[in-house]
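Chemist: Sending over a structure as structure tokens; questions will come in a sec.
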Amino acid sequence: QTIGALAAGLWLSLASGTASALMFPLPPEDTNVIGEVQVIAADEEDTLLSLGRRYGIGYEEMRRANPEVDVWLPGEGTKVTIPSRFILPEAAREGIVINLAEMRLYYYPGAESDNTGMVETYPISVGRMDWSTPLGKSQITEKTENPYWFPPESILTERREQGRPLPEAVPPGPDNPLGRHKLRLDIPGGAYLIHGTNEPRGIGMRVTHGCIRMFPEDVESLYERLPSGSSVEIVNQPVKAGWLDDQLLVEVHPILPPEAENAFDN
């Protein structure tokens, strides 16, 4: 395969009509750069958030790539950079790999998949500073469609103190922050999930209570294809490097403070 073929991304079409997942041919082990940067012209009704969702890029990624562009009103004809070139994290190319620093999930379909030999990547939201997402190797232990949400006592207490009390159980529906799909991880010490959301504007931010939050159409796509027991590795790699056409590329993301690295070991 040529570098040009490796960099040529394929949109993953979904029934909802919103394609926020990106799929690329998996490069050889000695190559770890996929995709390419794009520049598009905004339409009158576009925002950086809507463009990010359309092209599979999270909020912070879009904002940092377009510091001079108004988030809510780029304006018709405004040139907008889509930062859709990625350096794969240093991790085994199997199952799911989540890099907290870049707020991005990578999925390597197995040999039983129709997409073997490809890598998919999705924008995500991760735990905020006081509710960090743990690092380590895990697996999916449970899949639930239309889940109830049982807020832990820590969240119930937080919301009571804010004057926004929660019920002890939130049923499925538009008010459920888990969305329509959840994947439970076997991380000790808490209920850590990969799930959808009823607030997709927050994808690509550090806003969760430790879970991995995805666009509804993205988590639905994974839910339908990922079996229980699939491996999940969570890393924090703010600086990644890779070679492309004899050129060294470096990808840098904000560095999380040491107290935000809550590691676990299974």
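The values are calculated or read from the model by the stated rules, or taken from the named source; none is laboratory data. Bear in mind the structure is a predicted one, so any value in this text is a computation, not a measurement. As a convention, Cβ positions derive from the backbone with ideal geometry for all residues, glycine included, and neighbour counts pool all protein chains shown. Only protein heavy atoms, including side chains, enter the accessible area calculation; ligands, DNA and RNA are left aside. Shrake-Rupley method; radii C 1.70, N 1.55, O 1.52, S 1.80 Å.
Chemist: Could you say which residue among GLY179, GLY196, GLY210, GLY163 is modelled with pLDDT under 90, under 27 Å from GLU102 (Cβ atoms) and not hydrophobic (A, V, I, L, M, F, W, C)?
Modeler: On inspection, the qualifying residue turns out to be GLY210.
Chemist: Tell me yes or no: at least one residue of the stretch 115-136 is surrounded by 16 or more Cβ atoms within 10 Å (Cβ to Cβ), over 14 Å from the mean Cα position of the chain (by Cα) and small (Gly, Ala, Ser).
Modeler: Yes, the stretch 115-136 has at least one match.
Yes or no, residue by residue, for (1) in a loop (DSSP other than H, G, I, E, B); (2) of a type outside the set (Asp, Glu); (3) touching a strand residue (DSSP E or B) at 6+ places or on another chain (Cβ under 7 Å); (4) modelled with pLDDT under 95:
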| position | (1), (2), (3), (4) |
| --- | --- |
| GLY17 | yes, yes, no, yes |
| GLU60 | no, no, no, yes |
| PRO67 | yes, yes, no, no |
| THR81 | no, yes, yes, no |
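Chemist: Please count how many residues of the stretch 80-114 are in contact with a Gly (Cβ under 8 Å, 6 or more places away or on another chain) and acidic (Asp, Glu).
Modeler: 1
Chemist: With the condition kept exactly as written, say whether any residue in the stretch 161-179 is hydrophobic (A, V, I, L, M, F, W, C) and touching a residue at least 40 places away in the same chain (Cβ under 8 Å).
Modeler: no
Chemist: Is at least one residue of the stretch 186-201 closer than 30 Å to ARG85 by Cα and part of a helix (DSSP H, G or I)?
Modeler: Yes: the stretch 186-201 contains one or more residues that are closer than 30 Å to ARG85 by Cα and part of a helix (DSSP H, G or I).
Chemist: In addition: Being in contact with a helix residue (DSSP H, G or I) (Cβ under 8 Å, 6 or more places away or on another chain), at pLDDT 80 or above and either basic (Lys, Arg) or farther than 23 Å from ARG201 by Cα (or both) is the filter here, so list the residues in the stretch 105-140 that pass it.
Modeler: Passing the criteria: only PRO109.
Chemist: Of everything in the stretch 196-214 that's free of Cβ contacts under 8 Å to residues at least 60 places away in the same chain and not small (Gly, Ala, Ser), which residue is least open to solvent (accessible area, probe 1.4 Å)?
Modeler: Per the criteria, the residue is ASN198.
Chemist: When you go through GLU217, GLU161, GLU224 one by one, which is the residue that is farther than 26 Å from GLY56 by Cβ and either open to solvent by 60 Å² or more (accessible area, probe 1.4 Å) or not aliphatic (A, V, I, L, M) (or both)?
Modeler: That would be GLU161, the only listed residue that is farther than 26 Å from GLY56 by Cβ and either open to solvent by 60 Å² or more (accessible area, probe 1.4 Å) or not aliphatic (A, V, I, L, M) (or both).
Chemist: When the stretch 164-195 is examined, which residues are found to be among the hydrophobic types (A, V, I, L, M, F, W, C) and open to solvent by 50 Å² or more (accessible area, probe 1.4 Å)?
Modeler: ALA191
Chemist: A further question follows. Specify the residue that is farthest from GLY52 (Cα to Cα); the eligible residues are those in the stretch 181-209 that are in contact with a Ser or Thr (Cβ under 8 Å, 6 or more places away or on another chain) and β-branched (Val, Ile, Thr).
Modeler: The residue in question is ILE187.
Chemist: Still on this structure, please answer the following. Keeping to the stretch 84-101, report how many residues are hydrophobic (A, V, I, L, M, F, W, C), closer than 15 Å to ASN32 by Cα and either within 14 Å of the chain's Cα centre (by Cα) or surrounded by 21 or more Cβ atoms within 10 Å (Cβ to Cβ) (or both).
Modeler: Final tally of qualifying residues: 4.
Chemist: Across the stretch 228-252, what is the number of residues that are modelled with pLDDT of 90 or more, outside any strand (DSSP E or B) and not polar (S, T, N, Q)?
Modeler: Residues that pass the stated criteria total 2.
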